[in-house]
Amino acid sequence: MSTAPPDADELGRQVGEFLAAHDPSATEPLEFLRARFDAGLAWVHYPEGLGGLGAPRHLQPAVDRAFAEAGAPTNHPERNGIGLGMAAPTILAFGTEEQKRRFLRPLWTGEELWCQLFSEPGAGSDLAALATRAVRDGDAWTVDGQKVWTSMAHEARWAILVTRTDPGVPKHRGMTYFVCDMTAPGVEVRPLRQITGEAEFNEVFLTGVRIPDAHRLGEVGQGWQVSTTTLMNERVAIGGNAAPREGGMIGVVAALWRDRPELRTPGLHDALLRAWVETEAARLTGERLRQQLAAGRPGPEGSGAKLAFAKLNQEVSGLELEMLGEDGLRYDDWTMRRPTEVDFTRRSPGYRYLRAKGNSIEGGTSEILRNIIAERVLGLPGEIRVDKDVAWKDLPK
Amino acid sequence: MSDLLYSEIETDLRAGVRGLLDDKAPWTSVLAGVEKDAPYDAELWRAVAGQLGCAGLPVPEDLGGAGATWRETAVVMEELGRSAAPVPFLTSAVVATAALLAAGERELLAELAAGERIAVLAVPFSTPPGGAAATVRAADEALTGEVTSVADGMAADVLLVPASGGLYAVDAADARRTAVTSLDMTRRLADVAFSGAPARRVAGDLDAVRAALLTGAAMLASEQLGLAERCLDDTVAYVKTRYQFGRPVGSYQGLKHRLADLWTSITQARAVARHAASCVAAGDGDAPIAVAVAQAHCSAVALKAAEECVQMHGGIGFTWEHPAHLYLKRAKADSIALGTADHHRAALAELVDLPPA
């Protein structure tokens with residue numbers, strides 16, 4: 001069946017029909033989610049049969065809103081950010097028909113969670129330097145190596161994995177991308193305790209892990225191009241709803257200022273007002289980006305948004321601790337725990353301060369983001385690359 | 001939420017204004033102009049105000065205006081900021097026009113909208129929207145007193161003077177005006193003195209003055225945005241072509257990262273300036289907050305952009321013959337005009353209930 005893609009009105013009608021046929025309060029959540037996927041109302045811009053209807057991407061927020069307002073069960077996107085945000089678009093772009101049909105539905109419903117085996121101890125910002133080896137062995141590959149900063153590895157059923165399959169060519173050309181079964185023999189997940197005391201991330205050791213060739217994503221040697229798709233999707237703006245004024249961290253600090261007059265000093269007042277203005281500027285910039293996306297005119301402003309967010313979150317969380325004075329000396333809990341999502345609001349100011357330090361490192365460091373803006377937006381010359389035409393095996397390590 | 005994008009009409013308007021400024025106000029002629037005694041570029045003003053009809057953008061059509069809004073006016077401000085154009089647009093077509101609109105004064109307003117006369121609000125250019133200290137007294141339709149550092153004071157045909165709790169119009173010929181050597185040579189100041197100058201009352205209170213300063217501060221944010229964009233564009237173009245140590249200096253991370261940060265700040269300046277313009281255009285109750293945010297943010301961004309422009313141009317950026325100093329002087333003056341960033345943050349403290357220590 002190939003009809004014209006639905007518009008906003010048509011989608012609204014289909015959501016209404018779906019909700020009439022599947023009463024959210026009377027339908028088992030997983031059954032509801034599977035049916036929503038099958039109706040093409042999961043991610044409307046995906047193709048028919050793969051959770052979508054081939055509709056324009058910007059119509060998704062309205063569909064999500066309609067389901068939320070009807071009290072529909074959610075697929076808990078906060079637990080499967082890697083799967084929904086990175087694995088799914090990559091599988092859609094590079095997967096075989098069989099891979100798409102196998103992986104996308106349980107990914108979207110949350111039955112199978114995903115993690116990302118990208119970074120390594122020796123390959124962070126320079127991802128293409130990675131050393132995890134995959135060696136062809138008949139219909140399968142044997143993988144050996146170590147990955148790091150893997151959130152959700154202890155919960156995930158599947159991972160997207162980048163490996164080195166040809167050390168004899170320059171680093172960007174010898175990589176291959178796989179879907180890795182996290183329950184396979186040889187996959188070992190170890191919690192990695194962090195600055196906050198908890199283990200939000202993991203180290204993953206891969207020892208003789210067998211991956212069938214059918215779980216390769218893209219061609220052999222095409223791993224860098226596939227990874228680039230993944231990473232670009234990581235930075236796609238969420239879109240969604242407009243944030244309220246004084247939302248997020250600044251709201252916490254503003255409330256503290258109002259509630260505790262004894263903590264006020266002129267210097268803190270100035271710092272608070274500066275942060276308030278910067279937060280409002282960041283919020284309005286996000287809103288402008290949202291309006292651009294809604295108008296079908298995405299701009300490059302998203303690249304600056306993460307940079308600004310990281311700086312602000314660090315400033316404001318530091319300000320909060322200072323404002324608290326004596327109480328700022330205390331911490332809530334150093335117990336090593338393994339959370340499945342980051343929650344800034346339910347922890348102590350000390351935790352917020354420490355966790356915010358990760359904002360300028362995770363998902364692309366602020367330094368790399370500045371390079372991206374300088375080179376791709378402003379068109380400035382690229383960094384001098386000493387590793388460009390050198391085989392990976394000959395690079396200094 | 002206000003519309004933060006540019007409409008098609010605004011994009012066309014921008015192209016028209018930019019084309020005219022490229023033609024009639026390239027930086028070489030702006031630079032040449034600062035050496036002259038003329039307080040502003042009269043030919044350029046006739047083109048902007050008359051030929052393009054920009055002076056009356058927010059004025060209703062039945063008063064001779066274009067019947068547009070402060071949003072479109074803000075786009076013109078961006079372009080004038082880009083070229084540091086020496087025309088009394090902010091002072092006459094924005095602040096004085098906003099005062100007359102608020103006061104309901106029709107005849108003078110129509111003349112300003114048509115670009116036939118220039119009026120300026122006689123307050124120090126540093127006055128924040130909160131209001132000015134009254135330094136002029138009104139008695140029997142005559143004014144006495146002095147006002148210092150009035151922007152475009154020498155360009156004005158008419159002075160709008162806050163005095164004794166009201167607003168008065170005075171023919172500039174009836175005031176004693178002294179040109180001031182100004183930091184910003186593209187928007188010059190004058191000291192103005194009145195000794196029994198005949199005056200006509202246009203408002204019985206100072207509400208119109210406050211509204212005019214608020215609108216002026218909103219529009220100034222767009223001028224600062226345009227200036228910052230120009231500084232970034234010029235600097236990026238320069239560091240791509242200037243070679244040192246065998247590579248373009250723009251390939252060094254030390255400069256690239258600063259330019260990336262500047263670009264990020266400018267994207268934010270665009271959002272807050274658009275928001276402020278939309279809020280004053282709509283008469284939104286949140287306009288004072290939006291304007292304070294815009295001024296607190298954009299003043300710093302424009303100044304940073306101009307300072308980086310000077311620095312990253314190296315020696316040439318420090319010379320008189322390069323336009324960087326025109327932008328720096330305009331940016332520094334703009335950061336004081338209509339209230340410093342600190343003034344606006346203090347205003348915010350009250351508006352959003354974050355009281356001082």
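Just a few scattered comments:
- Considering only residues in the range B:8-21 that are more than 25 Å from B:LEU100 (Cβ to Cβ) and touching a residue at least 60 places away in the same chain (Cβ under 8 Å), the one that is least open to solvent (accessible area, probe 1.4 Å) turns out to be B:LEU21.
- Identity of the residue in the range A:309-322, within 11 Å of chain B (Cβ to nearest Cβ) and open to solvent by 20 Å² or more (accessible area, probe 1.4 Å), that ends up nearest to the chain's Cα centre (by Cα): A:PHE309
- Selection count, the range A:185-218, where residues are in a loop (DSSP other than H, G, I, E, B) and under 30 Å from A:ARG347 (Cα atoms): 8
- From the options A:ARG101, A:ARG65, residue that is open to solvent by 30 Å² or more (accessible area, probe 1.4 Å) and within 26 Å of A:PRO298 (Cβ to Cβ): A:ARG65
- Residues that are under 30 Å from B:THR267 (Cβ atoms) and modelled with pLDDT of 95 or more, drawn from the range A:314-343: A:GLN314, A:GLU315, A:VAL316, A:SER317, A:GLY318, A:LEU319, A:GLU320, A:LEU321, A:GLU322, A:MET323
- Looking across the range B:226-251, the residues that are open to solvent by less than 40 Å² (accessible area, probe 1.4 Å) and facing chain A (nearest Cβ under 10 Å) come down to B:LEU232, B:THR235, B:VAL236, B:VAL239, B:PRO248, B:VAL249, B:GLY250, B:SER251.
- Members of the range A:102-125 found to be in contact with a Ser or Thr (Cβ under 8 Å, 6 or more places away or on another chain) and either of a type in the set (Asp, Glu) or assigned to a strand (DSSP E or B) (or both), listed by number: A:CYS115, A:GLN116, A:LEU117, A:GLU120
- The strands (runs of 3 or more DSSP E) located wholly in the range B:85-177 include none with 3 or more residues which are touching a strand residue (DSSP E or B) at 6+ places or on another chain (Cβ under 9 Å), closer than 23 Å to B:SER335 by Cα and among the basic types (Lys, Arg).
- A single entry from A:GLY296, A:GLY304 fulfils the requirement of being within 14 Å of another protein chain (Cβ to nearest Cβ) and part of a loop (DSSP other than H, G, I, E, B): A:GLY296.
- Any hit, the range A:323-340, residues being within 14 Å of chain B (Cβ to nearest Cβ) and open to solvent by less than 30 Å² (accessible area, probe 1.4 Å): yes
- From the list B:ALA290, B:ALA296, the one residue that fits, being closer than 17 Å to B:GLY216 by Cα, without any contact (Cβ under 8 Å) to a residue 60 or more places away in the chain and either open to solvent by less than 60 Å² (accessible area, probe 1.4 Å) or more than 7 Å from chain A (Cβ to nearest Cβ) (or both), is B:ALA296.
- Close pairs (6 angstrom Cβ cut-off, 6 or more residues apart or separate chains): farther than 30 Å from A:TYR331 by Cβ in the range A:291-320, of a type in the set (Val, Ile, Thr) anywhere: A:PRO300/A:VAL377; A:GLU301/B:THR267; A:SER303/A:ILE372; A:SER303/A:ILE373; A:GLY304/B:THR264; A:GLY304/B:THR267
- When the range A:1-43 is limited to residues that are surrounded by 17 or more Cβ atoms within 10 Å (Cβ to Cβ) and basic (Lys, Arg), the one that is farthest from A:PHE103 (Cα to Cα) turns out to be A:ARG36.
- Among (1) in a helix (DSSP H, G or I); (2) away from chain A (no Cβ under 14 Å); (3) open to solvent by 10 Å² or more (accessible area, probe 1.4 Å) - the single one B:SER265 does not satisfy: (2)
- Selection over the range A:373-393 of residues that are crowded, with 19+ Cβ neighbours inside 10 Å and facing chain B (nearest Cβ under 8 Å) gives a count of 5.
Yes/no per residue for (1) modelled with pLDDT under 95; (2) under 20 Å from B:VAL158 (Cβ atoms); (3) touching a Gly at 6+ places or on another chain (Cβ under 8 Å); (4) not hydroxyl-bearing (Ser, Thr, Tyr):
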residue	(1), (2), (3), (4)
B:LEU5	no, no, no, yes
B:LEU21	no, no, no, yes
B:ASP37	yes, no, no, yes
B:LEU52	yes, no, yes, yes
B:ALA68	no, no, no, yes
B:LEU90	no, yes, yes, yes
B:VAL95	no, yes, yes, yes
B:ALA98	no, yes, yes, yes
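- Residues satisfying the stated conditions in the range B:65-84, i.e. of a type outside the set (A, V, I, L, M) and either assigned to a loop (DSSP other than H, G, I, E, B) or in contact with a Phe, Trp or Tyr (Cβ under 8 Å, 6 or more places away or on another chain) (or both): B:GLY65, B:GLY67, B:THR69, B:SER83
- Verdict on A:VAL187 being open to solvent by less than 10 Å² (accessible area, probe 1.4 Å) and of a type in the set (A, V, I, L, M, F, W, C): no
- Note on the range A:346-372: among residues that are within 14 Å of chain B (Cβ to nearest Cβ) and touching a helix residue (DSSP H, G or I) at 6+ places or on another chain (Cβ under 8 Å), the one that is nearest to B:SER251 (Cα to Cα) is A:ASN371.
- Counting only residues that are in a helix (DSSP H, G or I), within 14 Å of chain A (Cβ to nearest Cβ) and touching a Lys or Arg at 6+ places or on another chain (Cβ under 8 Å), the range B:1-23 holds 1 of them.
- Test for A:PHE103: is it at pLDDT 95 or above and touching a strand residue (DSSP E or B) at 6+ places or on another chain (Cβ under 6 Å): no
- Residues in the range B:38-54 that are assigned to a loop (DSSP other than H, G, I, E, B) and either surrounded by 16 or more Cβ atoms within 10 Å (Cβ to Cβ) or touching a residue at least 24 places away in the same chain (Cβ under 8 Å) (or both): B:PRO39, B:TYR40, B:ASP41, B:LEU52, B:GLY53.
- Count of residues meeting criterion [within 14 Å of chain A (Cβ to nearest Cβ), open to solvent by 40 Å² or more (accessible area, probe 1.4 Å) and assigned to a loop (DSSP other than H, G, I, E, B)] in the range B:309-354: 2
The values are calculated or read from the model by the stated rules, or taken from the named source; none is laboratory data. Quick caveat, the model's predicted, so the values are computed rather than measured. Cβ sites come from the backbone with ideal geometry, for glycine too, and all protein chains shown count toward neighbours. Accessible surface areas use protein heavy atoms only, side chains included; no ligands, DNA or RNA. Shrake-Rupley method; radii C 1.70, N 1.55, O 1.52, S 1.80 Å.
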